[in-house]
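The values are calculated or read from the model by the stated rules, or taken from the named source; none is laboratory data. Fair warning: this is a prediction, and the values are worked out from it, not measured in the lab. Counting neighbours? That spans all protein chains shown, and the Cβs are built from the backbone with ideal geometry, glycine included.
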Amino acid sequence: MKTKLLAAALTAAMLLPAAGCISGSSHSTLSGNYIGSGTFKRIKIGETTESWVLAALGQPTRRSQVEGGELWAYEYERTERSKGSVLLIVGGSSSEETAGGTYVEIKDGIVTDAWRD
């Protein structure tokens with residue numbers, strides 16, 4: 001019994017200092033105009049007005065002329081960065097970028113189409 005207890009204590013004593021030698025972190029950055037799914041779902045084709053879109057979504061990232069109206073683009077870019085190290089010697093990092101947008105087509109002051117990518 002004493003041997004098992006001694007072995008467990010020695011194992012814990014050896015592993016305890018290593019616990020502080022492993023570290024990691026992650027960070028996310030969002031730039032542009034991200035439109036959440038809850039807000040997007042409130043857009044009703046043929047009903048939602050241009051003024052509502054402007055009030056709820058804000059100024060678009062860009063506007064383009066389309067047949068008889070405008071296409072408003074709300075584009076964003078998300079960057080996820082993570083890094084980690086072991087014993088302050090071996091380290092690594094990664095970065096991943098994701099881009100997307102919400103697009104609203106408006107003709108005569110009414111939304112005629114809306115989609116996300």
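The table for this structure:
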item: Leading residue by the ranking (nearest to the chain's Cα centre (by Cα)) among those in the range 82-117 that are among the hydroxyl-bearing types (Ser, Thr, Tyr) and modelled with pLDDT under 95; result: THR98
item: Any chance GLU77 is assigned to a strand (DSSP E or B), at pLDDT 95 or above, touching a Gly at 6+ places or on another chain (Cβ under 8 Å) and not hydroxyl-bearing (Ser, Thr, Tyr); result: yes
item: Residues within the range 31-51 that are buried (at least 16 other Cβ atoms within 10 Å of the Cβ) and over 14 Å from ASP117 (Cα atoms), tallied; result: 3
item: Residue match in the range 9-16 (condition: modelled with pLDDT of 75 or more and loosely packed, with under 12 Cβ neighbours inside 10 Å); result: no
item: Count - residues of the range 38-60 that are assigned to a helix (DSSP H, G or I) and under 11 Å from VAL104 (Cα atoms); result: 5
item: Residue in the range 79-98 that is surrounded by 13 or more Cβ atoms within 10 Å (Cβ to Cβ) and under 23 Å from ARG42 (Cα atoms) present; result: no
